[in-house]
Every structure is written in structure tokens, then in C-alpha cells.
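**Student:** I have a structure I would like to understand better, so I am pasting it below and will then ask my questions one at a time.
What follows is calculated from the coordinates using simple rules that are stated; it is not laboratory data. Here the structure is a predicted model, which is why all the values come from computation and not from measurement. FYI the Cβ positions are ideal-geometry reconstructions off the backbone, even for glycines, and counts take in every protein chain you see.
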Amino acid sequence: MNQISEVTEQIVDRKLSAVAKRTKASIIREMLKSTSIPGLISFGGGVPDPETFPREHLAEIAKEIVEQEYKTTLQYGTTEGDKQLKQQYIQYLRKYEGIEGLEEDHMVITSGSQQALDLIGRTFLDTQSICAICDPVYLGAASAFMIHAPKFIKLTMQDDGPDVDILERSLQKMTEDEKEQFKFFYLVSNFDNPTGICLSLEKRIRILEIAAAHKILIVEDDPYGLLRFEGEKIPSIYKLAVERGLQDYVLLLNTFSKILSPGLRMGIVVGNQKIVRKLVLGKQVADLCTSPLLQRMTARYLERHDPIVHLQNALKVYAKKRDTMMASFKEDFGNIEGVHWTYPQGGLFSWMCFPDWVDTMEMLEFAKKNLLIYIPGEAFSVGDSNKNCMRLSFCLPSEEQIREGSKRLLKAFQQYAFMKGR
């Protein structure tokens, strides 16, 4: 054992790269390992309800393309992505987003949005870089960016999106050298992960104006845009940029994980051809190509079926679960001073905050004892903020489990408060 420990120190501890040493486990991925505990209710991962997957259609398509298109689907593919999937996506953006003028070289297919975030981090960031993010921030993006050790400008989240005054003031104060090192502003535009907040039209336009004025890149992540339950659809920042001839200032990230199946691991980056080409070169090193089989399955699905029509049932399911969670929170927490939560018009999450004396990572131990898990707020921070908050997902548990989970959360809070002498 001593010899093994010595080898571990020499090889694992002392020989790792700086990037490897900065890499940390995802709290969500780790918590998903606990979901098999009998009786556990999970408000944790943003896992879509599997009953919403178009499994019959996908099964039919999979059989067909393996038998009839095996020379393509079972072979290596291009790093840039399947041409047929790109064409279907171009038609989708034209039909549902009103985005015109896209060509195949404006996009690269990635293995989910997480690979897109990783490629963006590799392509743009190093230890001298500066980037802007929301606070709280999607932890998948934070992980992909933090391993490169850049400096972060953190924009506090407000009811209609991040406080863009912070971004503008920061850019105005920068020296020319600092502006050169500023790489991008990353945000989730629709039903933000983790807060569920939707960026207002006014702020979308202002962010685009700031980008054009200061010559900076906006990375718009939009995995939840189609999951709107109520309210009017708001154009993406990329759509607004195209209308103004400013599209080179925006990278749009999209995924089919929430509207078809996360198991497909299908993501897309849309943007300036030169930037896309750099992402392609990074992807060549990472995995050569995204699965040709899964790409062609997605292409055939989009060719034959309308994802918007398919989503209608899922939206009804998620809206009912959202309503159940909101009603449960009002009943269980409505009279507790200092506790508040977001009301999402779409997406998969609500963000609950407690008084400042609460540490939701500490409180998680009480939640687990009550057979409940959630994601503590500090997981969505690049510093030590958001300790009194948590992300709560309503997409996977049943309505009955949501009601029971809210009561278990209240019990955990009461037990934690008693421990704290409150």
C-alpha cells in the first residue's frame, strides 16, 4: 500500500497538468448517482421526462438507416457534421426562427452543448483572458471555462436577465490591453439554467448594441427556447443580430437534448465561418466527429416530423409540473420571511433563495436524510456567491412527488434552522 501511495503521489499528484488540476467533478453528475436510492425525490438534474421522447419514431428511423444507409451511418464522418442534418437545421431556423442566409460552413455539429462549451473555452481562453458571465451561471459553462483560469466579470441576475450595466461599465473602464484580452460574454437567453429567468427583448437589443460598440463576442446558449409554456416568444440575440447585419458578433449554441432526447448528444454551434473553422479544428483533436448514426437519425426525424408539434404534449406536462411546484412552494414557504423563488414561463428550473444565514450545501445533508436532493447554489458560481440559493428542477418528478418534495424541503429547512439556532 505504501508503494502504491508513493506511485500515486509521483504520477497522479505531481505529474498532472495545470488544467487537469483545475478540473473538478460536476456536482450534478455526482448527484445523479444517488437517484437510485429507494424513495428518493430528485429536484436535481435537468433530466427530461423520458415519456416525452419520440421513441417510436426514433426506433423506426434507426432501423431504417442502419439497414439502408450503413455505408454512411456506421462509418467515420466529417468533423464539421452531417450535411443532411445541417440542411434540416437551416430549414428549421428559417421556418421557426426567421433566420435567413445561413450556409453549412456557418455551423458545426457537436456532441451535445457541453462539447460546444468545451471547444469555446479551448478556442478562446487562457490565463490572461477575460470573459463575462451571469451570476449565477450554468455550471457546465463555468466548468468548461474555469479550467483555463481566465478572469471573470460577473453580472448579477435580475428579474429580466443579467445586469448589463455591469458589463458596459466594465468595458468602459478597461485599458486597450484589457479589451484585447476580453474574449466573450456568455449567457443562457431563454429560461436560464439555473434561474429559469428569460432575458427581455430590451436587454437582448442592448447586449447586442454593447457588443457592436465594443467589438466583443456574445455566446448565446439557447437549449430551452422551445420549452415556453406561456408568454410571447422573444427573438434570439442571433436573430436580432442577423436583422441588423451584426451576426458576426454572436455565436448561437443549440441542442436537441431537451426537444428530442439527451441520449442523442446532438448540439450545434452557429456563427462566423472563421470562428466555426477554429472550433472544427479543436473538435478534430477532441473526438474526430460526432456519431454519424445519431446525426443522421436526427436529420431524418427533422425531415419527417415537426419537433414543434411533438413538443406540444411535453409542454403541457412540464407546465402542469411547474404549476404544481409553484403552488406547493406558495403553500409551504409562502409565509417564511426571506424565502423567495422564480416563476419560470418555460424551461425546466426554478431558483429558490433563503435568508443570508442559510448555506444550502450544508442544508443538503438534512435534505438527503429526508430523501430529497437539489443542487446547491454555490455550484453555479465561479466564486463563493449564491450559497443561500438552490436550483430546483420540476421536469422529471411526478406532480405527486413535487408536492411531497416541497414538504420534505420545508422539513429539511426547519431542521437546519433548528441546528443553526434560528
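**Student:** Lysines near Lys183 by alpha-carbon distance under 26 Å, same-chain residues fewer than 8 away left out - which ones?
**Tutor:** Lys21, Lys24, Lys151, Lys154, Lys173, Lys203, Lys215, Lys239, Lys274, Lys278, Lys283
**Student:** DSSP loop (so not H, G, I, E, B), at most 14 other Cβ within 10 Å: list which chymotrypsin sites (Phe, Trp or Tyr not before Pro) in the range 42-96 pass both filters.
**Tutor:** Tyr76
**Student:** So, one more: For the chain, can you list the cysteines whose C-beta has no other cysteine C-beta under 4.7 Å from it?
**Tutor:** So far as the 4.7 Å Cβ criterion goes, Cys131, Cys134, Cys198, Cys289, Cys395 stand without a partner in the chain.
**Student:** Ok, one more. Kindly put Trp357, Trp351, Trp341 in sequence by how many other C-beta atoms sit within 10 Å of each C-beta, fewest to most.
**Tutor:** Listed from fewest to most nearby Cβ atoms, that is Trp357, Trp341, Trp351.
**Student:** Given +1 on the Cβ of Lys and Arg, -1 on the Cβ of Asp and Glu, and no further charges, what dipole in debye does the range 242-372 carry about its Cα centre, rounded to the nearest 20?
**Tutor:** 880
**Student:** If each DSSP helix of 4+ residues adds -39,500 (n - 2.57) and the sum is divided by the residues in the chain, what number results at 222 nm, nearest 500 deg cm²/dmol?
**Tutor:** Calculated mean residue ellipticity at 222 nm is -13500 deg cm²/dmol.
**Student:** Now for a different question. In what order do Met174, Met297 fall by count of nearby beta-carbon atoms within 10 Å, going from fewest to most?
**Tutor:** Placing the least packed residue first, the sequence is Met174, Met297.
**Student:** Residues of the range 117-144 with the amide nitrogen closer than 18 Å to a label point 7 Å from the Cα of Lys21, along Cα-to-Cβ, please.
**Tutor:** 126-128
**Student:** Okay, moving on. In the neighborhood of Ser236, defined by Cβ-to-Cβ distances under 11 Å, what is the net charge if each Lys or Arg adds +1 and each Asp or Glu adds -1?
**Tutor:** With Lys, Arg at +1 and Asp, Glu at -1, the net is -2.
**Student:** Starting from the 7 Å offset along Cα-to-Cβ, what nm value, one decimal, do you get for the label separation of Val317 and Glu56?
**Tutor:** Distance between the two pseudo-spin positions: 1.4 nm.
**Student:** If you restrict to DSSP beta bridges whose two residues both lie in the range 75-304, what percentage is antiparallel, to the nearest 5?
**Tutor:** Within the range 75-304, antiparallel bridges account for around 40 percent of the total.
**Student:** Nearest 20 debye, what's the magnitude of the dipole of the chain about its Cα centre given +1 on Lys and Arg Cβ and -1 on Asp and Glu Cβ?
**Tutor:** Using Cβ point charges on Lys, Arg, Asp and Glu, the chain gives about 520 debye.
**Student:** Can you tell me what share of the DSSP beta bridges in the chain is antiparallel? A percent to the nearest 5 is fine.
**Tutor:** 50
**Student:** Of the listed values [x] 20.6; [y] 23.4; [z] 26.7, identify the label whose number matches mean projected area of the Cα convex hull in nm² calculated from this model.
**Tutor:** Correct label is [y].
**Student:** Could you calculate, for the range 75-304, the ratio of the Cα radius of gyration to the Kirkwood radius, expressed as Rg to Rh?
**Tutor:** Here Rg/Rh amounts to 0.94.
**Student:** Lys and Arg at +1, Asp and Glu at -1: add these up for the other residues within a Cβ distance under 11 Å of Gln87 and post the number.
**Tutor:** Local net charge: -1.
**Student:** Once the piece of chain linking Leu371 and Val285 is laid out straight, how much longer is it, given 0.36 nm per residue of separation minus the C-alpha distance between them?
**Tutor:** 26.7 nm
**Student:** Please give the net charge around Tyr416, taking every other residue with its beta carbon less than 9 angstrom from that of Tyr416, where Lys and Arg add +1 and Asp and Glu add -1.
**Tutor:** Computed value for this residue: -1.
**Student:** Also: Please enumerate, by chain and number, the aspartates and glutamates with C-alpha under 12 Å from the C-alpha of Lys330, excluding those fewer than 8 residues away in the same chain.
**Tutor:** In chain and number order, there are no partners.
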